[in-house]
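Asks: My structure is below; once you've seen it, I'll send some questions.
The values are calculated or read from the model by the stated rules, or taken from the named source; none is laboratory data. The structure displayed is predicted, hence computed values, not measured ones. All Cβ positions, glycine included, derive from the backbone under ideal geometry; neighbour counts span all protein chains shown. The protein model used for the area step is the full one, side chains on, heavy atoms only, and it has no ligands, DNA or RNA in it. Shrake-Rupley method; radii C 1.70, N 1.55, O 1.52, S 1.80 Å.
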Amino acid sequence: LSQLVRWLGIKAEELGVEIYPGFAASEILYDSNHKVVGIATNDMGVAKDGSKRETFQRGVELKGRITLLAEGCRGSLSQKIMGNYKLREKVQAQHQTFALGIKEVWEIDESKHKPGSVLHTIGWPLDHKTYGGSFVYHMKDRQVSVGLVVALDYHNPYLNPYEEFQKLKHHPAIKRILEGGTVIQYGARTLNEGGLQSIPYPVFPGGAIIGCSAGFLNVPKIKGTHTAMKSGMLAAEATYGALHEGACMELYWDKLQKSWILDELYRARNFRPAFKYGLIPGLAFSALEHYILRGRSPLTLKHGKPDHEATEPASLHSPIQYPKSDGMLSFDVPTSLYRSNTNHVHDQPAHLHLRDPAIPKLVNLPHYAGPESRYCPARVYEYVQDDKGQPELHINAQNCLHCKACDIKDPKQNIEWTVPEGGGGPGYLVM
């Protein structure tokens, strides 16, 4: 996929498309009628204390007659647009529900490599109340992609998705593939799992939301690239009509409703919400839906609580004791971070903001045992002692993998993920 994107970038530039890598869209631009007229990039070269470094460069405004937002899962600007224009309410869409995917790319022994082989699992090592599963994809050049997807509506605040992934690799079926191999890269990213029930009205005054920003992922297949690309094609057709034929951008929504995207998501609509009842009931209902009813059930299940509300008080659970990493199959966070090639300019304002700095100490730590120190797969958040020996939340923003888990899972929605200085973040090469 990364190779495809590079190739498409070249083709786009050959057609006259201007691409600005290394610049992050940080602000939505409106006209006097509250219509979107473009975006602005953030300032570059700002120091931690807010002063301007020698490299300071003012952000720029990029304006257009139509603005299409394709930020991926939990896009910062897309979230603001949905809220500002109440796009979910417009079609009675449910809240979006998410999962965190953690992944490594390994180079394994030739004798164990089976190009094209795919392994999908569900459940273990997660408990029966937590939805999730793993994948192992055999790629070319003796490379294998292995990962664990953990739904972020899990209840136990002591659960640590990163450590669950390390445990997964010790399962005999996966251990025999990876043993003797070498890890090439590590990464993490959230993905939409709301499906059909959670798709907002994707058109707003001046533009539209496309791809995973709107949430077109097919959960049973763990695939959303094909639907994201198709949504982009439909939006392009609607944009052309709006610019050259006097049509309105609502044509995009009409095209979506008639496309195979919504038909595919309709057939898979009950897979994810069925698992709010637990692993066994979820498997039973999903089997009935898939093999017998073929997605034509008269029922459309609703999702449970939003992911952040699903976190239960620590008093209802016991701490989970995870085994220590062995350095061969399982690894500590700093080792994995090194493999992600994550890099941020150190002297810049933190792009992770606490809406209320008091909440971690007053709420998260006493009631939920500090879950941000566990749900983050990059150890961005950790509790340290201040000068008075009291626990204080420290944010290592330079570690951030841009997965967006914190923006989603914080119990009080106190963490706001904003874009860092353009070009910062993980440097995936073969993910």
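Asks: Just to be sure, is Tyr162 under 18 Å from the mean Cα position of the chain (by Cα) and part of a loop (DSSP other than H, G, I, E, B)?
Replies: In short, no.
Asks: Out of curiosity, is Lys223 outside the structural domain of Met82 (by the TED database) and basic (Lys, Arg)? Before you say what the answer is, go through the steps one by one.
Replies: On the way: outside the structural domain of Met82 (by the TED database): no; basic (Lys, Arg): yes.
For Lys223, the condition - outside the structural domain of Met82 (by the TED database) and basic (Lys, Arg) - is not met.
Asks: Next question, about the same structure. So the check is Cβ under 7 Å with 6+ separation or different chains; which pairs have a first residue in segment 75-91 that's open to solvent by less than 80 Å² (accessible area, probe 1.4 Å) and a second one that's among the charged types (D, E, K, R) and outside any loop (DSSP other than H, G, I, E, B)?
Replies: Within 7 Å, the pairs are Met82/Arg88.
Asks: Examine segment 311-326 for a residue that is within 25 Å of Val419 (Cβ to Cβ) and among the charged types (D, E, K, R), and state whether such a residue exists.
Replies: The initial filter retains those residues of segment 311-326 that are within 25 Å of Val419 (Cβ to Cβ), namely none.
The answer is no, given that none of the residues of segment 311-326 is within 25 Å of Val419 (Cβ to Cβ) and among the charged types (D, E, K, R).
Asks: Continuing with the same structure: Considering only segment 1-53, state which residues are open to solvent by 60 Å² or more (accessible area, probe 1.4 Å), basic (Lys, Arg) and out of contact with any Pro (no Cβ under 8 Å at 6 or more places or on another chain).
Replies: Arg6, Lys11, Lys52
Asks: Same structure again: For segment 201-219, how many residues meet the condition of being crowded, with 24+ Cβ neighbours inside 10 Å and either out of contact with any strand residue (DSSP E or B) (no Cβ under 7 Å at 6 or more places or on another chain) or outside the structural domain of Met82 (by the TED database) (or both)?
Replies: Residues meeting the conditions: 4.
Asks: Next up: Quick one: would you say Ile222 is of a type in the set (A, V, I, L, M, F, W, C), open to solvent by less than 60 Å² (accessible area, probe 1.4 Å), modelled with pLDDT under 95 and under 26 Å from Leu429 (Cα atoms)?
Replies: yes
Asks: Evaluate the following for Glu392: is it of a type in the set (Asp, Glu), assigned by the TED database to the domain that holds Glu416, modelled with pLDDT of 95 or more and in contact with a Phe, Trp or Tyr (Cβ under 8 Å, 6 or more places away or on another chain)?
Replies: no
Asks: Output the residues belonging to segment 235-252 that are over 23 Å from the mean Cα position of the chain (by Cα), assigned to a helix (DSSP H, G or I) and surrounded by 18 or more Cβ atoms within 10 Å (Cβ to Cβ). Walk me through it before giving the result.
Replies: In the first step, residues of segment 235-252 are kept if they are over 23 Å from the mean Cα position of the chain (by Cα); the result is 236-252.
Narrowing the set further to residues that are assigned to a helix (DSSP H, G or I) leaves 236-244, 250-252.
Matches in segment 235-252: Ala238, Thr239, Ala242, Leu251, Tyr252.
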